[in-house]
Amino acid sequence: MREIISIREANQHLSRYLERVEQGAEIIVTRRGKAIARVLPIEAQPQLSDAQHAARERLRERMRRGYALGGTPVDREALHERERCQAPDR
């Protein structure tokens, strides 16, 4: 259900209109007859199934472990040390 109300009406009876929005209504707020805002209910977040929760946890664990791409592991300190050694003198 869609209702069109003025800013004045929205200010005076905001709680009444928010109750209607909670019940699924859409409220269009106007200023001098021109629509300026639309108030809609927030959609409920979808619930994940047990299989989806398990898949998400497997993905998170895999991301924590990382992926081996071959080559030598990079150590942050060693990387910065190598950059300092190769930096030209100024």
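Need the failing condition index for residue 21 against (1) under 26 Å from the mean Cα position of the chain (by Cα); (2) modelled with pLDDT of 80 or more; (3) loosely packed, with under 11 Cβ neighbours inside 10 Å, just the number. Condition (3) is where residue 21 drops out. Within segment 32-82, restricting attention to residues that are under 30 Å from the mean Cα position of the chain (by Cα) and basic (Lys, Arg), which residue is nearest to residue 2 (Cα to Cα)? So the residue we want is 38. The residue pairs whose first member lies in segment 40-55 and is among the hydrophobic types (A, V, I, L, M, F, W, C), whose second member is surrounded by 10 or more Cβ atoms within 10 Å (Cβ to Cβ), and whose beta carbons are closer than 6 Å, counting only pairs six or more residues apart or on different chains, are 40/26. Which residue is surrounded by the most Cβ atoms within 10 Å (Cβ to Cβ), if the candidates are limited to segment 24-66 and must be aliphatic (A, V, I, L, M) and in a loop (DSSP other than H, G, I, E, B)? If we take residues in segment 24-66 being aliphatic (A, V, I, L, M) and in a loop (DSSP other than H, G, I, E, B), then 25 is surrounded by the most Cβ atoms within 10 Å (Cβ to Cβ). Filtering segment 37-57 for residues that are basic (Lys, Arg) and either within 30 Å of residue 10 (Cβ to Cβ) or in contact with a Phe, Trp or Tyr (Cβ under 6 Å, 6 or more places away or on another chain) (or both) leaves a non-empty set.
The values are calculated or read from the model by the stated rules, or taken from the named source; none is laboratory data. Being a predicted model, the structure only gives us computed values, none of them experimental. With ideal geometry, Cβ positions are generated from the backbone for all residues, glycine too; neighbour counts draw on all protein chains shown.
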